[in-house]
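What follows is a single structure, written as structure tokens, with notes after it.
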Amino acid sequence: MELSVILSQIENENENDEEIERLLHEYNTENCRTFSFDKKEEDARIRLCRALLGVLGRVAQPRCQSTCLETLRILSRDKRVLGPVSTREGILTLAALARVGPDAPRGTGGEQQDEDEEERVVVEALKCLCNVVFNSTQAQQVGADVQLAQGLCASLHAAGAGAAPHEVGLFSLRLLFLLSALRSDVRSVLRKEPRALALLTDVLERALDVHWAGPYKVAPLDPQAPPIPSQENERAMEALKALFNITLSDSSDEDAEHQLRLLVAIMRHLLLLRTHTEETTEEAHSHAVNLLSNIPSSCLDVLIDIPVQLGQEEDGGKNMAAIQVLLDFMEKRVDRGSNYKEGLTPVLSLLAESSRYHREIRRYIKARVLPPLKDVSSRPEVGTTIRNKLVRLMTHVDMGVKQSAAEFLFVLCKESVDNLVKYTGYGSAAGLLLSRGLLAGGRGETQYSEDEDSDTDEYKEAKPYINPITGHVEELGANPMDEMTEEQKEYEAQKLVNMIDQLSRQQLIKPMGVRKDGTLAPLEETSTAECFVYVLKSKKESSTWI
């Protein structure tokens, strides 16, 4: 279908709705899967966008409106032609057709066919707004100026949150997510608006069939309950994404804290639910992890403060079922071996923060991730246990991944350098200790309980022979210096000194030492030996030098 034919009909003063609809329907059928457009027709597509807005701005039949909006949705995939649609007039026209706002009409209440056509207009208008907002910074600015996000909240509230027709609710939530993701000022406004949090919480309650059994306690799941229906799951995921954006901003409001604790309870419920496929279940858990990462650690006690059901994990009377799901999710992401930054670091950070401030959670996780050591014949990073996998990540090339894995294990060790080195080896832990200024030993700043870890008999027996750098017992090899005379040893030592001195003068290396506060500094500023960097002293006062 040639654009010139469509334009000649639409721009004709004696335009006919039925003819416009026929031509546009043909164009839509041909281009429904088109995402790359001919640059030569760019001007024509801009004219068509402007003409379509003109048709939509006048009184037209719902069927003609929905066809025009479908064409506009296809055109809005091209960022270069959105000028006419990204204006205040264009956004307001689409918002009116999408019934965005507290005073927007909800429907005519006519025959079912008419209602279906009107609903199709609303859905297509919302889809257009999603495309335009996503592809145009100007539209994002206009959306913020006309308070589009607040209007969406009002529309959802007026329709009864999750009671709106599926696609209307779904794309309203998706548009709310896009606006809050792309505009920090929109996030701030929604964060200060208690109705936004309450509204999205209500959407989750309806979608996940939440029934409250007490303050911040969702009624136990029925083991025979079917999986979450796909439509409800879709709405819940969009609501979770919007909630993640909104909770990025801080709020000290008491009512907001109440809403956050409700969200934690719902997230616990979600972690124990299942969907129709393993893939969608993992996606749901991923969104739950992301949202929980934004919530203050003081609210995370809701995850475990619930009566223990038969067959669920518990520790000290606390229900650890949700924590076990998070641990399983973390290990699955580690085993995947890719996309660590986005897929793994959020759950590592969540488990680290919840362990830092909740003793019961830390104890439970440590018993599964860092059980008492028995066999220390292999290096900590060698093996298939979750400890082995996480220690391997402590030397990952991505700094964020490496830091998250190290921080998680450090918290499980109650931020004790000695304990961390015991489980990981000094070599793997050196990066974290350097960043924390703890190369000389000590503890982090967080206060933990005084209970001490107990070592197994096997570990106590092997402990004197463990190399603290590698974290395992090495096979004793021949000492190359045993057959050297004192003169040869002195010659080799002097040769090493000269080599280090030469590299230092050429500024290829810079000898460093450790200050008393555990931080690194140029060698001349420290009190260590003149030509060596002191690394570690074992409890036998033997020294290791590099």
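Counting other Cβ atoms within 10 Å, keep those with at most 15, restrict to DSSP loop, and tell me which GluC sites (Glu not before Pro) in the stretch 410-514 are left. Write out the running numbers ahead of the final one.
On the way: sites: Glu415, Glu445, Glu450, Glu452, Glu458, Glu461, Glu474, Glu475, Glu483, Glu486, Glu487, Glu490, Glu492; in loops: Glu415, Glu445, Glu450, Glu452, Glu474, Glu475, Glu483.
Sites meeting the loop and neighbour criteria: Glu445, Glu450, Glu452, Glu474, Glu475, Glu483.
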Förster-model FRET efficiency, 56 Å R0, Ile509 and Ala225, C-beta, rounded to 0.05: 0.30
³J(HN,Hα), Karplus 6.51/-1.76/1.60, whole Hz, each residue of the stretch 23-33, x for Gly, Pro: 5, 5, 4, 5, 5, 5, 4, 6, 10, 4, 10
Length released on extending from Glu257 to Ala213, taking residue separation times 0.36 nm less the Cα-Cα span: 13.9 nm
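Across every pair of different alpha-carbon atoms, what Kirkwood hydrodynamic radius in Å does the stretch 24-158 reach?
Values: mean 1/r = 0.0660 Å⁻¹.
One over the average 1/r among Cα pairs gives 15.2 Å for the stretch 24-158.
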Tensor-based shape of the stretch 336-464 (alpha-carbon gyration tensor, a/c under 1.5 rounded, otherwise prolate or oblate): rounded
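In cubic angstrom, how much convex hull volume per residue do the alpha carbon atoms of the stretch 115-207 span? Could you put the intermediate results ahead of the total?
Details: hull volume 8.0 nm³, N = 93.
Dividing the Cα hull volume of the stretch 115-207 by its residue count gives 86 Å³.
Ordering Phe410, Phe35, Phe171 from largest to smallest accessible area (1.4 angstrom probe), what's the sequence? Display every interim value, and only then the final one.
Numbers: Phe410 0, Phe35 140, Phe171 30 Å².
Output order, biggest surface exposure first: Phe35, Phe171, Phe410.
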Sequence-distant lysines (8 or more away, or on other chains) whose Cα lies within less than 16 Å of Lys127: Lys79
For the stretch 22-68: rounded, prolate or oblate by the Cα gyration tensor [a/c cutoff 1.5]: oblate
Separation in nanometres of the label points that stand 7 Å from Cα toward Cβ, at Arg33 and Gln502: 6.7
Label point distance in nm, Arg195-Thr137, each placed 7 Å from Cα along Cα→Cβ: 3.2
Proximal lysines to Lys192, defined as alpha-carbon separation beneath 20 angstrom and excluding residues fewer than eight positions away on the same chain: Lys241
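Please identify every one of the trypsin sites (Lys or Arg not before Pro) in the stretch 1-75 that sits in a loop by DSSP and has no more than 13 other beta carbons within 10 Å of its own beta carbon.
On the way: sites: Arg22, Arg33, Lys39, Lys40, Arg45, Arg47, Arg50, Arg58, Arg63, Arg73; in loops: Arg33, Arg58.
Here the sparse-neighbourhood loop sites are Arg33, Arg58.
Under the rule of -39500 (n - 2.57) per DSSP H run of 4 or more residues, summed and divided by the residues of the chain, what mean residue ellipticity at 222 nm is obtained, to the nearest 500 deg cm²/dmol?
On the way: 24 runs with 310 residues, N = 546.
That comes out to -18000 deg cm²/dmol.
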Under 5 Å, built H, 5+ apart or other chain: amide partners of Trp212: Ala219
Phi to ³J(HN,Hα) by Karplus 6.51 cos²θ - 1.76 cosθ + 1.60 over the stretch 382-398, Hz, x for Gly, Pro: 9, x, 10, 6, 5, 4, 4, 5, 6, 5, 4, 6, 5, 10, 5, 5, 7
Partners for Lys414 among lysines (Cα-Cα distance below 18 Å; same-chain residues under 8 apart left out): Lys366, Lys422
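How big is D for the stretch 245-398, in µm² s⁻¹ as a whole number, if Stokes-Einstein is applied with the Kirkwood radius of its Cα pairs at 25 °C and 0.890 mPa s?
My calculation gives 147 µm²/s for D.
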Accessible area of the chain belonging to carbon and sulfur atoms, whole % at 1.4 Å probe: 49
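Quick one: if the Förster radius is 56 Å, what FRET efficiency do Thr470 and Ser4 give, using the C-beta to C-beta distance and rounding to 0.05?
Working: r = 75 Å, r/R0 = 1.33.
Efficiency computed from Cβ-Cβ geometry: 0.15.
Seen from all sides and averaged, what is the projected area of the convex hull of the Cα atoms in the chain, in nm²? Please list the in-between numbers first.
Details: hull surface 139.6 nm².
Taking the Cα atoms of the chain, their convex hull projects to 34.9 nm² on average.
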Alpha-carbon centroids, the stretch 357-396 and the stretch 398-450: separation in whole Å: 13
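The values are calculated or read from the model by the stated rules, or taken from the named source; none is laboratory data. Note that this is a predicted model, so its numbers are computed, not measured. All Cβ positions, even for glycine, are placed from backbone atoms using ideal geometry, and neighbour counts span all protein chains on display. What goes into the accessible areas is simple: the full protein's heavy atoms, side chains included, and nothing from ligands, DNA or RNA. Shrake-Rupley method; radii C 1.70, N 1.55, O 1.52, S 1.80 Å.
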